């Protein structure tokens, strides 16, 4: 009987992970860990997943692989829900009123330089 391909921790679904002996019932935690950190760099990182610390045996590890995580993949970031807020990107341009943030800055610079001469 052929050996099945190893399951990739960085692309496997929660359901597929739940089917692996030694991981049953922990698919959700594994996917969450993967999403929060941008992926696994090695199968040994399973030991860092809440609920799996010290519980993943070598038999389970042999059934898994970890294709290199993309270091540029977007990671979920928890932002505070209170405090100051800042306009970013297109919002900042829209707030300038002109659709282009440069002219208001130039106008302000011209106004400031004119008031200093004289």
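Key figures
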item	result
Check on residue 5, outside any helix (DSSP H, G or I), loosely packed, with under 11 Cβ neighbours inside 10 Å and free of Cβ contacts under 8 Å to residues at least 12 places away in the same chain	yes
Selection from region 12-50 of residues that are part of a loop (DSSP other than H, G, I, E, B) and surrounded by 12 or more Cβ atoms within 10 Å (Cβ to Cβ)	12, 19, 20, 22, 23, 26, 38, 39, 40, 41, 42, 49
Filter pass, residue 71 being outside the structural domain of residue 13 (by TED's automatic domain parsing), exposed (fewer than 11 other Cβ atoms within 10 Å of the Cβ) and either modelled with pLDDT of 90 or more or assigned to a loop (DSSP other than H, G, I, E, B) (or both)	yes
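The values are calculated or read from the model by the stated rules, or taken from the named source; none is laboratory data. None of the values given here were measured: they were computed from a predicted structure. We place every Cβ from the backbone using ideal geometry, glycine too, and count neighbours over all the protein chains shown.
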